[in-house]
Amino acid sequence: MESTAIYRKPKKWIAALLGLFIQPAAMLYVARPGWAAAYLGLAVIVALGNMFLLRGRESVGYVVALLVAVVCAIHAYRLARDYRELLRRPWYSRWYGLIVIAAAFAALAFGIRAFLFEPFRFPSASMAPSIEPRAHLIVRKWGYGNYGTYGIRLMRTGMSSEVQRGDIVVFEYPVDTAVSYAKRVIGLPGDRISYYNKRLKINDEEVQIRRIADYVHKDRTVPYRQYLERLGDREYAILIDPDAPAAVPAVRAFPFGERCVYAADGLSCRVPEGHYFVLGDNRDNSSDSRAWGFVPAINIIGKVEHVLQ
């Protein structure tokens with residue numbers, strides 16, 4: 001005999017609670033897949049609006065999201081109240097169906113973050129002007145062999161994507177691998193990097209720079225000197241503070257430290273195999289390879305593909 005449970009009306013309080021916290025699930029619970037897709041699309045629009053349009057005003061997005069949740073809770077409550085008792089409920093509106101759908105979406109999102117693309121929030125000004133503080137980064141992970149997300153390390157494989165000079169990469173900070181940094185790759189394995197009197201040389205060839213308009217950050221009244229630096233066919237802006245000392249501050253002991261020679265006006269290093277030398281674009285306001293050493297290839301998480309300022 002067929003169970004009568006599949007004909008029972010959805011409970012109004014469960015529908016309202018799901019509407020407050022998981023809007024698409026609330027609509028599936030009351031057997032309205034079209035509305036579930038609509039609320040899912042609305043959630044995506046709100047999230048993208050927070051990332052692209054409301055930088056610095058994310059509270060507006062949170063208010064909109066709360067308003068959508070309240071509206072959905074009321075909507076789901078009314079649909080559950082008016083549900084026809086003799087109408088057969090589809091599998092996706094039952095508890096096991098909701099669990100299966102939620103697990104599938106969670107697994108898909110986790111897999112995308114772990115193996116393909118992962119968003120990061122950049123907190124500091126060390127990569128300005130290329131990356132402003134609190135910018136969102138979209139990082140491509142496939143091919144870099146360091147797979148995992150949310151602090152869960154899934155697997156390590158060999159790196160199949162080539163790291164090039166000028167790439168901005170996200171990596172596990174060698175001093176504390178639980179922390180992720182983003183910097184620009186300057187030196188490849190075997191390169192000799194020199195940085196004296198704030199002038200960069202790679203393999204004894206000086207990297208060309210040219211002065212452009214000063215850069216003024218909204219949180220700083222004094223402008224930085226801004227230059228365009230060229231590595232091969234790549235050109236990007238860097239900042240140099242003429243009043244900052246040329247010496248590297250707060251240098252700590254690091255693996256292969258014997259490959260670096262420090263002086264009062266800078267340093268020179270020979271990059272070991274399987275490692276990279278990275279710098280921040282905000283050259284006088286960046287903790288990077290000058291202070292804590294080389295980045296092992298196995299620490300690289302991925303390459304920054306998009307910066308959402």
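Output the residues belonging to segment 266-285 that are surrounded by fewer than 21 Cβ atoms within 10 Å (Cβ to Cβ) and either outside any loop (DSSP other than H, G, I, E, B) or over 27 Å from the mean Cα position of the chain (by Cα) (or both).
Within segment 266-285, 266, 267, 268, 270, 272, 273 qualify.
If we keep just the residues of segment 149-164 that are of a type in the set (Gly, Ala, Ser) and within 21 Å of residue 275 (Cα to Cα), which is modelled with the lowest pLDDT?
158
Among the listed residues 225, 211, 220, which satisfies the condition of being over 27 Å from residue 118 (Cα atoms), modelled with pLDDT under 95 and part of a strand (DSSP E or B)? Even if it seems obvious, please write down each step before you answer.
Values: 211 fails: modelled with pLDDT under 95; 220 fails: part of a strand (DSSP E or B).
225 is the lone residue from the list that is over 27 Å from residue 118 (Cα atoms), modelled with pLDDT under 95 and part of a strand (DSSP E or B).
For a quick check of your reading: which helices (runs of 4 or more DSSP H) sit entirely within segment 1-117 and have at least 3 residues that are open to solvent by 30 Å² or more (accessible area, probe 1.4 Å) and at pLDDT below 85?
33-52, 58-81
Can you confirm whether residue 245 is at pLDDT 95 or above, assigned to a loop (DSSP other than H, G, I, E, B) and on the phi < 0 side of the Ramachandran plot?
No.
Listed here are the residues, each with its yes/no results for (1) hydrophobic (A, V, I, L, M, F, W, C); (2) farther than 24 Å from residue 117 by Cβ; (3) open to solvent by 40 Å² or more (accessible area, probe 1.4 Å); (4) under 29 Å from the mean Cα position of the chain (by Cα).
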| residue | (1), (2), (3), (4) |
| --- | --- |
| 163 | yes, no, no, yes |
| 178 | yes, no, yes, yes |
| 181 | no, no, yes, yes |
| 192 | no, yes, yes, no |
| 203 | no, yes, yes, no |
| 229 | no, yes, no, yes |
| 238 | yes, yes, no, yes |
| 254 | yes, yes, no, yes |
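All but one of (1) modelled with pLDDT under 90; (2) assigned to a strand (DSSP E or B) hold for residue 305; which doesn't?
Of the numbered conditions (1) modelled with pLDDT under 90; (2) assigned to a strand (DSSP E or B), the odd one out for residue 305 is (1).
The values are calculated or read from the model by the stated rules, or taken from the named source; none is laboratory data. Just so you know, these numbers come straight off a predicted model, no measurement behind them. As a convention, Cβ positions derive from the backbone with ideal geometry for all residues, glycine included, and neighbour counts pool all protein chains shown. Just so you know, the surface numbers come from the protein's heavy atoms only, side chains and all, with ligands and any DNA or RNA stripped out. Shrake-Rupley method; radii C 1.70, N 1.55, O 1.52, S 1.80 Å.
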